[in-house]
Amino acid sequence: PKIVASSVSTPKTNFPIFPTPWIGREHELKELSLLLCDPQYRLLTLVGPGGIGKTRLAVETSSGMQDVFDHGVYFVPLASVGSIHAVISTMANAVHFAFYGPSDPKVQLLNYLREKQALLIVDNLEHLLVGEPDQETVAELLVEILREAAQLKLLITSRESLDLQEEWLFDVQGLPVPDSLAAEGSAQNTSVELFLQRARRAHVGFSAKVDDFPAITRICRLLDGNPLGIELAAAWVRALSCDEIAQQIEHGLDFLSVSTRDLPTRHRSMRAVFDHSWKLLTEEEKQVLARLSVFRGGFR
């Protein structure tokens, strides 16, 4: 079927707008940009725990790739999507394609994408990896898209891999934590800089003193440089000192929660982050992790 070309005025991107400045990760940005320019990397998955910054890294990288892909770079948000049919419609909306007639929406979308030289950022895929019985899975849909659209690339964000032959995995780690406890002079592009930035947003009058930096570094180290955890911790500077925040984290991560209305529910606390991942596990996986949890100091 003939597909009507989109209007010239149609924007090539639909990136989400983030309320805070970008910090660090220059090395990751450069490496990912090189991978996306390489023809062999057509399905690249950013893998990491909740709150580690996968979505932001994907968007920041792709924002510099708009001149590389003739037909655009598009963001496909799947966090609130619950079925393969909704995935297809969400993807169509992202690339500004409208379905027509009674024919199969997936076939229409594949026909539209077939000649496109574009990049799709498929965000928050983990909850869709296990499909309904006798139904096509999201992973199978992505493979079909790659086979039908030879010039298309997919950049995925997920808490776990898709387990596909076509997939290349990129592990997203936390922000660097300075080696020195007195990190005042080495804050740039690290987890400490993120803490300071978020603390100033939470309390405009906040100004870290020299004596605060050991505690700030300890906070970042306790959280392994996890950006979401650091942001949640920094929000407490209005009520607690940096040392008190570190002590509370040492007692338990349940302390790290906020009521920020424009944050997704799964990102309003570290408990919510863990619960979201826990619900994705099989019963066998839950049993294994529960048994291993007794080894507080780690295990071999």
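The slack between L29 and R114, meaning 0.36 nm per residue of separation minus the straight C-alpha distance, is 27.8 nm. Charged neighbours of L222, selected by a Cβ distance under 13 Å, balance to -1 (K, R count +1; D, E count -1). Counting Lys and Arg as +1 and Asp and Glu as -1 over every other residue whose Cβ lies under 13 Å from the Cβ of W168, the net charge comes to -4. Think of each Lys and Arg Cβ as +1 and each Asp and Glu Cβ as -1; about the Cα centre, that makes the dipole of the stretch 43-202 roughly 620 debye. Magnitude of the charge dipole for the chain, about its Cα centre and with charges confined to Cβ atoms of Lys, Arg (+1) and Asp, Glu (-1), is about 660 debye.
Could you state the angle between the C-alpha long axis of helix 213-222 and the longest principal axis of the C-alpha atoms of the chain, as a value from 0 to 90 degrees rounded to the nearest 10? Approximately 50 degrees, to the nearest 10. In the assembled protein chains, W236 presents an accessible area of approximately 80 Å² (probe radius 1.4 Å).
In terms of the mean number of neighbouring beta-carbon atoms within 10 Å, the peptides 52-59, 281-288 order highest first as 52-59, 281-288.
Net charge of the neighbourhood of L292, taken over other residues with C-beta under 12 Å away and scored Lys/Arg +1, Asp/Glu -1, is +3.
Checking the cross-link pairs K54/K279; K54/K116; K30/K54; K30/K116; K30/K279 against a 27 Å limit on the alpha carbon distance flags K30/K279 as lying beyond it. Beta bridges assigned by DSSP with both partners in the chain are antiparallel in approximately 5 percent of cases.
Shown here for the stretch 78-160: chymotrypsin sites (Phe, Trp or Tyr not before Pro) in loop regions (DSSP other than H, G, I, E, B) with at most 10 other Cβ atoms within 10 Å, of which there are none. Dipole check for the stretch 214-300: with +1 at the C-beta of Lys and Arg, -1 at the C-beta of Asp and Glu, and the Cα centre as origin, the magnitude is about 60 Debye. Dividing the convex hull volume of the alpha carbon atoms of the chain by its residue count gives 163 Å³ per residue. Surface exposure of the chain, expressed per residue as accessible area with a 1.4 Å probe, stands at 54 Å². Rg ratio for the stretch 207-300: its Cα radius of gyration over 2.2 N^0.38 Å, N being its residue count, equals 1.24. Roughly what angle does helix 84-94 make with the longest principal axis of the chain, taking Cα atoms, 0 to 90 degrees, to the nearest 10? Taking Cα atoms only, the helix is inclined about 90 degrees.
The values are calculated or read from the model by the stated rules, or taken from the named source; none is laboratory data. None of the values given here were measured: they were computed from a predicted structure. All Cβ positions, glycine included, derive from the backbone under ideal geometry; neighbour counts span all protein chains shown. Keep in mind that these areas ignore ligands, DNA and RNA; they rest on the heavy atoms of the full protein, side chains included. Shrake-Rupley method; radii C 1.70, N 1.55, O 1.52, S 1.80 Å.
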